[in-house]
Amino acid sequence: MAARKVIFDTDPGQDDAVALLAALGSPDEIEVLGISVVAGNVPLHHTVNNALRLVELAGRPDIPVFAGADRPFTRRLETAEHVHGSTGLDGPDLPAASAEARSGHSVDFIIDIVRSSPEGTISILALGPLTNVALALLKAPDIATRLEAIVLMGGAYFEVGNITPTAEFNIYVDPEAAKIVFASGVPLTVLPLDVTHQMRATPERIEAFRAIGNRAGQAVHAMLSFSQGFDLAKYGWEGAPLHDPCVTAFLLRPDLFEGRHINVEIETASELTRGMTVADFWGVTDRAKNAFFVRSGDADGFYALLTERIARLP
């Protein structure tokens, strides 16, 4: 089977980094055409630099990195340095980037790639706020019918919220953009907190990355050792949840996950529930199903997969 052709849209963060590295360690299954960067976990200049340093770490500085939106549609940017550190990738000592971000806006990169490729062959893997993806759909509505899928980490239902009592961070930062994406008609797969909170980076699972012995494994160990601090204190669990790599893992091993097709709507009007993903998991409305909503997954299989793919990198 040919590799899935994908564009990552991301705001690297440590968990975004693991998702990217695992994909770059899986060239037979995933062909990364480029990285579209958005502001989210930290401001845009940091997320762009982080993406460049990650492709350098993976030995793939040839992968184009494009800067995108530096703020949400209508709201002030809210960031998460309290989780990810001042750079967004605090923890490891990553190599300096040998390449620079490409000229042009990432939204135009997305549009150009989707329009120039055969219909149904390009997927967007969205790991951050959905500003870039929504802008591309608004600027070029025709790409909605050309995309194979959008697979995103975002939202929650049973686990409700992690940045507010009712909202997950990626959706909360730009709910207006998320509303556009969920109404676009593009086939959506959603990896929400409901599954990512099950994927806990226990000390043994983090140590397995260090034990690989390569640069990428050492970096992942340092990343997760840093970023887990906030969530361990917050939740009191034996390990911090690992969110964004669920997107890569779903592409590689969908059999590790369980979910169902449901309707998901995005709350934008209420300040109390801004960014809430209102998931009709039990089918109590007649609203059209617009997303495959993943509820659970095999954590042991997930970490075994990530470790094996990170081990393929330099």
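Read-outs: derived from the displayed coordinates by stated rules, not from any lab. None of the values given here were measured: they were computed from a predicted structure. Virtual Cβ from ideal backbone geometry, glycine too; neighbours counted across all protein chains shown.
With the condition kept exactly as written, say whether any residue in the range 174-185 is outside any helix (DSSP H, G or I) and crowded, with 19+ Cβ neighbours inside 10 Å. Yes, the range 174-185 contains at least one residue that is outside any helix (DSSP H, G or I) and crowded, with 19+ Cβ neighbours inside 10 Å. So, residue 67, is that one within 19 Å of residue 133 (Cα to Cα), crowded, with 21+ Cβ neighbours inside 10 Å and free of Cβ contacts under 8 Å to residues at least 40 places away in the same chain or not? Considered against the rule, which asks whether it is within 19 Å of residue 133 (Cα to Cα), crowded, with 21+ Cβ neighbours inside 10 Å and free of Cβ contacts under 8 Å to residues at least 40 places away in the same chain, residue 67 comes out as yes. Only one of the listed residues (311, 201, 222) is surrounded by fewer than 17 Cβ atoms within 10 Å (Cβ to Cβ), of a type in the set (A, V, I, L, M), in contact (Cβ under 8 Å) with a residue 40 or more places away in the chain and closer than 19 Å to residue 54 by Cβ. That residue is 311. The residues of the range 186-199 that are closer than 20 Å to residue 161 by Cα, assigned to a loop (DSSP other than H, G, I, E, B) and among the aliphatic types (A, V, I, L, M) amount to a single one, 199. Just one of the listed residues (260, 253, 274, 309) is under 13 Å from residue 190 (Cα atoms) and of a type outside the set (A, V, I, L, M, F, W, C), namely 260. If you filter the range 204-219 down to residues that are touching a His at 6+ places or on another chain (Cβ under 8 Å) and either surrounded by fewer than 19 Cβ atoms within 10 Å (Cβ to Cβ) or in contact (Cβ under 8 Å) with a residue 60 or more places away in the chain (or both), you find that the one that is farthest from residue 159 (Cα to Cα) is 210.
Checked against the criterion of being assigned to a loop (DSSP other than H, G, I, E, B), acidic (Asp, Glu), crowded, with 19+ Cβ neighbours inside 10 Å and touching a Phe, Trp or Tyr at 6+ places or on another chain (Cβ under 7 Å), the range 153-168 has no qualifying residue. Within the range 8-27, is even one residue of a type in the set (Val, Ile, Thr) and assigned to a helix (DSSP H, G or I)? Looking through the range 8-27, at least one residue is of a type in the set (Val, Ile, Thr) and assigned to a helix (DSSP H, G or I). Here is a check on your reading of the model: is residue 304 crowded, with 20+ Cβ neighbours inside 10 Å and closer than 28 Å to residue 123 by Cα? Taking the combined requirement at face value, the residue does not satisfy it.
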